[in-house]
Amino acid sequence: QHNLEAKRIAGYAAAEQVQDGMVVGLGTGSTAQYAIQRVGERIQEERIAVTGIPTSYQSALRAREAGILVVDLPGVSSIDLTIDGADQIDARFNLIKGGGAAHTREKCVADASERILIVADATKVSECLTAPVPVEVVPYATVGVGRHIRALGGEPVIREAVRKDGPVITDNGNFVLDCAFGTINEPAALAARLNAIPGVLTCGLFTEYAEKITVLIGESEGCRTLTR
Ligand code: DER
(Lines give C-alpha, C1' and ligand atoms only; values in the text may rest on other atoms or scores of the structure.)
Protein backbone atom coordinates (compact mmCIF):
# COMPACT_ATOMS: atom_id res chain seq x y z
CA GLN A 1 0.00 0.00 0.00
CA HIS A 2 2.89 2.31 0.86
CA ASN A 3 4.32 1.57 -2.58
CA LEU A 4 1.07 2.55 -4.36
CA GLU A 5 0.86 5.76 -2.34
CA ALA A 6 4.44 6.61 -3.33
CA LYS A 7 3.56 6.02 -7.00
CA ARG A 8 0.46 8.19 -6.67
CA ILE A 9 2.48 11.03 -5.10
CA ALA A 10 5.00 10.94 -7.96
CA GLY A 11 2.34 10.72 -10.67
CA TYR A 12 0.28 13.55 -9.20
CA ALA A 13 3.37 15.76 -8.79
CA ALA A 14 4.24 15.25 -12.46
CA ALA A 15 0.69 16.11 -13.53
CA GLU A 16 1.04 19.51 -11.79
CA GLN A 17 3.74 20.42 -14.35
CA VAL A 18 1.26 20.14 -17.24
CA GLN A 19 0.28 23.59 -18.54
CA ASP A 20 -2.79 24.69 -20.49
CA GLY A 21 -2.46 23.94 -24.21
CA MET A 22 0.35 21.38 -23.83
CA VAL A 23 0.84 18.25 -25.93
CA VAL A 24 1.64 15.60 -23.31
CA GLY A 25 3.11 12.12 -23.83
CA LEU A 26 1.19 9.66 -21.67
CA GLY A 27 3.31 6.81 -20.34
CA THR A 28 2.35 3.24 -19.52
CA GLY A 29 2.33 1.42 -16.19
CA SER A 30 0.80 1.91 -12.76
CA THR A 31 2.75 5.06 -11.85
CA ALA A 32 2.10 6.90 -15.12
CA GLN A 33 -1.58 6.03 -14.77
CA TYR A 34 -1.76 8.20 -11.65
CA ALA A 35 -0.45 11.13 -13.69
CA ILE A 36 -3.11 10.50 -16.36
CA GLN A 37 -5.78 10.40 -13.66
CA ARG A 38 -4.59 13.71 -12.18
CA VAL A 39 -4.34 15.42 -15.59
CA GLY A 40 -7.95 14.41 -16.17
CA GLU A 41 -8.97 15.92 -12.82
CA ARG A 42 -7.13 19.16 -13.63
CA ILE A 43 -8.88 19.39 -17.01
CA GLN A 44 -12.20 19.26 -15.19
CA GLU A 45 -11.19 21.53 -12.28
CA GLU A 46 -9.17 24.16 -14.18
CA ARG A 47 -10.74 23.86 -17.66
CA ILE A 48 -7.27 23.50 -19.20
CA ALA A 49 -6.84 22.06 -22.70
CA VAL A 50 -4.42 19.12 -22.98
CA THR A 51 -3.67 16.87 -25.96
CA GLY A 52 -2.53 13.41 -24.87
CA ILE A 53 -0.24 11.17 -26.93
CA PRO A 54 -0.62 7.58 -25.70
CA THR A 55 2.18 4.99 -25.52
CA SER A 56 -0.10 1.93 -25.36
CA TYR A 57 -3.68 0.71 -25.47
CA GLN A 58 -3.59 1.01 -21.66
CA SER A 59 -2.66 4.70 -21.67
CA ALA A 60 -5.07 5.52 -24.54
CA LEU A 61 -7.99 3.88 -22.73
CA ARG A 62 -7.15 5.45 -19.35
CA ALA A 63 -6.70 8.87 -21.00
CA ARG A 64 -10.11 8.68 -22.69
CA GLU A 65 -11.67 7.63 -19.36
CA ALA A 66 -9.97 10.67 -17.77
CA GLY A 67 -11.43 13.03 -20.40
CA ILE A 68 -8.13 13.80 -22.11
CA LEU A 69 -8.23 14.48 -25.88
CA VAL A 70 -6.21 11.55 -27.29
CA VAL A 71 -4.26 12.05 -30.52
CA ASP A 72 -1.87 9.44 -31.92
CA LEU A 73 1.82 10.27 -32.37
CA PRO A 74 1.64 10.93 -36.16
CA GLY A 75 -0.89 13.66 -35.41
CA VAL A 76 1.63 15.99 -33.75
CA SER A 77 4.99 17.42 -34.78
CA SER A 78 6.44 17.56 -31.26
CA ILE A 79 5.54 16.78 -27.65
CA ASP A 80 6.02 19.39 -24.92
CA LEU A 81 6.21 17.04 -21.93
CA THR A 82 6.09 13.27 -21.48
CA ILE A 83 5.28 11.63 -18.16
CA ASP A 84 6.34 7.97 -17.93
CA GLY A 85 7.52 5.35 -15.48
CA ALA A 86 10.56 3.11 -15.48
CA ASP A 87 11.68 -0.23 -14.12
CA GLN A 88 15.12 1.00 -13.09
CA ILE A 89 16.85 4.42 -13.07
CA ASP A 90 20.61 4.74 -12.61
CA ALA A 91 22.64 7.69 -11.31
CA ARG A 92 23.14 9.06 -14.84
CA PHE A 93 19.42 8.77 -15.67
CA ASN A 94 19.87 5.80 -17.97
CA LEU A 95 16.67 3.78 -17.72
CA ILE A 96 15.47 0.26 -18.06
CA LYS A 97 11.89 0.29 -19.35
CA GLY A 98 9.53 -2.30 -20.78
CA GLY A 99 8.06 -3.92 -17.68
CA GLY A 100 4.72 -3.19 -19.29
CA ALA A 101 5.88 -4.35 -22.74
CA ALA A 102 5.19 -0.83 -24.07
CA HIS A 103 8.78 0.36 -24.51
CA THR A 104 8.74 0.64 -28.33
CA ARG A 105 6.02 3.30 -28.40
CA GLU A 106 7.37 4.80 -25.17
CA LYS A 107 10.75 5.26 -26.85
CA CYS A 108 9.14 6.85 -29.95
CA VAL A 109 7.24 9.30 -27.71
CA ALA A 110 10.31 10.00 -25.56
CA ASP A 111 12.31 10.71 -28.70
CA ALA A 112 9.74 13.30 -29.84
CA SER A 113 9.52 14.99 -26.42
CA GLU A 114 11.11 18.28 -25.34
CA ARG A 115 11.09 17.16 -21.69
CA ILE A 116 10.50 13.86 -19.94
CA LEU A 117 9.32 13.40 -16.35
CA ILE A 118 10.12 9.92 -15.06
CA VAL A 119 7.86 9.06 -12.14
CA ALA A 120 8.65 6.25 -9.73
CA ASP A 121 8.84 5.04 -6.17
CA ALA A 122 12.25 4.72 -4.49
CA THR A 123 12.59 1.01 -5.33
CA LYS A 124 13.30 1.93 -8.97
CA VAL A 125 16.43 3.99 -8.20
CA SER A 126 19.72 2.10 -8.39
CA GLU A 127 23.39 3.12 -8.58
CA CYS A 128 23.73 1.13 -11.78
CA LEU A 129 21.43 -0.89 -14.06
CA THR A 130 21.00 -4.52 -13.01
CA ALA A 131 17.41 -5.39 -13.99
CA PRO A 132 16.61 -7.68 -16.93
CA VAL A 133 16.36 -5.76 -20.23
CA PRO A 134 13.06 -6.25 -22.10
CA VAL A 135 13.66 -6.67 -25.85
CA GLU A 136 10.75 -6.53 -28.32
CA VAL A 137 11.33 -9.06 -31.08
CA VAL A 138 9.56 -10.04 -34.29
CA PRO A 139 8.19 -13.53 -33.43
CA TYR A 140 9.67 -14.97 -36.65
CA ALA A 141 13.19 -14.09 -35.42
CA THR A 142 12.94 -15.16 -31.78
CA VAL A 143 15.39 -18.09 -31.90
CA GLY A 144 18.10 -16.17 -33.74
CA VAL A 145 17.72 -13.14 -31.49
CA GLY A 146 18.06 -15.39 -28.45
CA ARG A 147 21.32 -16.77 -29.82
CA HIS A 148 22.75 -13.27 -30.34
CA ILE A 149 21.68 -12.21 -26.84
CA ARG A 150 23.43 -15.19 -25.26
CA ALA A 151 26.54 -14.32 -27.29
CA LEU A 152 26.36 -10.86 -25.68
CA GLY A 153 26.29 -12.47 -22.22
CA GLY A 154 22.55 -12.24 -21.66
CA GLU A 155 20.02 -14.88 -20.65
CA PRO A 156 16.85 -14.38 -22.78
CA VAL A 157 13.44 -15.60 -21.55
CA ILE A 158 10.25 -15.24 -23.63
CA ARG A 159 7.72 -13.29 -21.52
CA GLU A 160 4.75 -15.58 -20.94
CA ALA A 161 1.31 -14.01 -20.49
CA VAL A 162 -0.55 -14.54 -17.23
CA ARG A 163 -4.22 -14.31 -18.35
CA LYS A 164 -3.63 -15.68 -21.82
CA ASP A 165 -1.96 -18.90 -22.86
CA GLY A 166 1.34 -18.40 -24.60
CA PRO A 167 3.63 -15.35 -24.86
CA VAL A 168 2.74 -11.73 -24.14
CA ILE A 169 1.89 -10.05 -27.47
CA THR A 170 2.83 -6.35 -27.58
CA ASP A 171 0.61 -3.57 -28.98
CA ASN A 172 2.72 -3.95 -32.13
CA GLY A 173 2.05 -7.71 -32.40
CA ASN A 174 5.45 -8.93 -31.24
CA PHE A 175 7.06 -10.98 -28.46
CA VAL A 176 9.18 -9.71 -25.55
CA LEU A 177 12.40 -11.39 -24.41
CA ASP A 178 13.44 -10.46 -20.86
CA CYS A 179 17.24 -10.59 -20.92
CA ALA A 180 19.27 -10.77 -17.71
CA PHE A 181 22.79 -9.35 -18.13
CA GLY A 182 23.67 -8.81 -14.47
CA THR A 183 25.25 -5.41 -13.81
CA ILE A 184 25.25 -3.34 -17.01
CA ASN A 185 28.33 -1.12 -16.94
CA GLU A 186 28.06 0.24 -20.50
CA PRO A 187 24.30 0.60 -21.09
CA ALA A 188 24.61 2.70 -24.26
CA ALA A 189 27.00 0.19 -25.86
CA LEU A 190 24.76 -2.75 -24.93
CA ALA A 191 21.70 -0.91 -26.27
CA ALA A 192 23.42 -0.33 -29.60
CA ARG A 193 24.38 -4.01 -29.87
CA LEU A 194 20.86 -5.19 -28.96
CA ASN A 195 19.16 -2.79 -31.36
CA ALA A 196 21.43 -4.00 -34.20
CA ILE A 197 20.34 -7.64 -33.92
CA PRO A 198 18.16 -8.66 -36.92
CA GLY A 199 14.57 -9.10 -35.67
CA VAL A 200 14.93 -6.81 -32.65
CA LEU A 201 12.43 -3.94 -32.79
CA THR A 202 13.39 -2.06 -29.58
CA CYS A 203 15.28 -2.79 -26.41
CA GLY A 204 14.26 -1.33 -23.05
CA LEU A 205 17.56 0.48 -22.42
CA PHE A 206 16.85 4.24 -22.68
CA THR A 207 20.29 5.85 -22.72
CA GLU A 208 19.83 8.80 -25.10
CA TYR A 209 17.45 10.98 -23.09
CA ALA A 210 19.23 11.82 -19.82
CA GLU A 211 19.57 15.51 -20.74
CA LYS A 212 15.80 15.96 -21.06
CA ILE A 213 14.81 13.77 -18.10
CA THR A 214 13.74 14.93 -14.64
CA VAL A 215 13.11 12.15 -12.10
CA LEU A 216 10.31 12.49 -9.53
CA ILE A 217 10.45 9.99 -6.67
CA GLY A 218 7.33 9.62 -4.56
CA GLU A 219 7.88 9.05 -0.86
CA SER A 220 5.57 9.01 2.15
CA GLU A 221 6.62 12.54 3.09
CA GLY A 222 6.24 13.93 -0.44
CA CYS A 223 7.92 14.00 -3.82
CA ARG A 224 11.71 14.21 -4.31
CA THR A 225 13.24 15.57 -7.54
CA LEU A 226 16.51 13.83 -8.42
CA THR A 227 19.41 15.59 -10.14
CA ARG A 228 22.12 13.81 -12.12
O1 DER B 1 6.87 -0.47 -19.30
C2 DER B 1 7.39 0.55 -18.81
O3 DER B 1 8.48 1.03 -19.17
C4 DER B 1 6.65 1.21 -17.71
O5 DER B 1 7.04 2.52 -17.57
C6 DER B 1 6.75 0.38 -16.48
O7 DER B 1 7.77 -0.54 -16.51
C8 DER B 1 6.77 1.07 -15.16
O9 DER B 1 5.81 0.37 -14.47
P10 DER B 1 5.20 0.78 -13.07
O11 DER B 1 5.07 2.28 -13.07
O12 DER B 1 3.88 0.07 -13.05
O13 DER B 1 6.17 0.29 -12.05
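The values are calculated or read from the model by the stated rules, or taken from the named source; none is laboratory data. Treat the numbers as computed from the prediction; the structure is a model and nothing was measured. Quick reminder, even Gly has a Cβ in these numbers, built from the backbone with ideal geometry, and neighbours come from all protein chains shown. Remember, those area values only see protein heavy atoms, side chains included, never the ligands or the DNA or RNA. Shrake-Rupley method; radii C 1.70, N 1.55, O 1.52, S 1.80 Å.
Before moving on, here are some points about what is shown:
- Rounded to 5, percent antiparallel among DSSP beta bridges of region 96-228: 75 percent
- Distance from region 185-227 to region 16-72 (C-alpha centre basis), Å: 22 Å
- Once both labels are positioned 7 Å from their Cα atoms along Cα-to-Cβ, the gap between Glu5 and Arg115 label points is 2.8 nm.
- MRE, 222 nm, helices only [DSSP H, n ≥ 4, -39500 (n - 2.57), over the chain, to nearest 500]: -9500 deg cm²/dmol
- Trypsin sites (Lys or Arg not before Pro) restricted to region 1-61 and DSSP loop, no more than 12 other C-beta within 10 Å: Arg47
- Cα gyration tensor shape of region 1-113, rounded if a/c is under 1.5, else prolate or oblate by comparing a/b with b/c: oblate
- Rolling a 1.4 Å probe over the protein chains gives His148 an accessible area of about 90 Å².
- In terms of its C-alpha gyration tensor, region 143-228 comes out oblate, because a/c is 1.5 or above while a/b does not outweigh b/c.
- Residues Gln17 and Ala192, FRET efficiency given R0 of 35 Å [Cβ-Cβ distance, rounded to 0.05]: 0.65
- Solvent accessible area, Å² - Thr28, 1.4 Å probe, full protein context: 20 Å²
- Residues Asp178, Asp72, Asp121, sorted by accessible area with the largest first, give Asp72, Asp178, Asp121 [1.4 Å probe; ligands and nucleic acids excluded].
- Remark: region 55-72, residue by residue, has Karplus-estimated 3J(HN,Hα) of 10, 5, 4, 4, 6, 5, 5, 5, 5, 4, 4, 7, x, 8, 5, 9, 10, 6 Hz, where x stands for each Gly or Pro and the curve is 6.51 cos²θ - 1.76 cosθ + 1.60 at θ = phi - 60°.
- Ordering Tyr57, Tyr140, Tyr209 by accessible surface, largest first, gives Tyr140, Tyr57, Tyr209; the 1.4 Å probe counts only protein heavy atoms, with every chain in place.
- Under-5 Å amide H pairs with Thr82, H placed in peptide plane, nonlocal only: Gly25, Arg115, Ile116, Leu117
- Accessible surface of Glu41 - all protein chains present, 1.4 Å probe, nearest 10 Å²: 60 Å²
- For Thr28, the residues whose modelled amide H falls within less than 5 Å of its own, excluding neighbours fewer than 5 places apart on the same chain, are Gly85.
- Phi-derived couplings, Karplus 6.51 cos²θ - 1.76 cosθ + 1.60 at θ = phi - 60°, listed residue by residue for region 211-222: 5, 9, 9, 10, 9, 10, 10, x, 9, 4, 8, x Hz, with x used for Gly and Pro.
- A Förster distance of 22 Å, applied to the separation of the beta-carbon atoms of Glu219 and Glu127, puts the FRET efficiency at 0.75.
- Anisotropy class of the chain from Cα gyration tensor, a/c 1.5 cut: prolate
- Applying both filters, DSSP loop and at most 11 other Cβ atoms within 10 Å, to the trypsin sites (Lys or Arg not before Pro) of region 133-197 gives Arg163, Lys164.
- Amide H to amide H distances under 5 Å link Leu129 with Ile184, where only residues 5 or more positions off or on other chains count and H is placed in the peptide plane.
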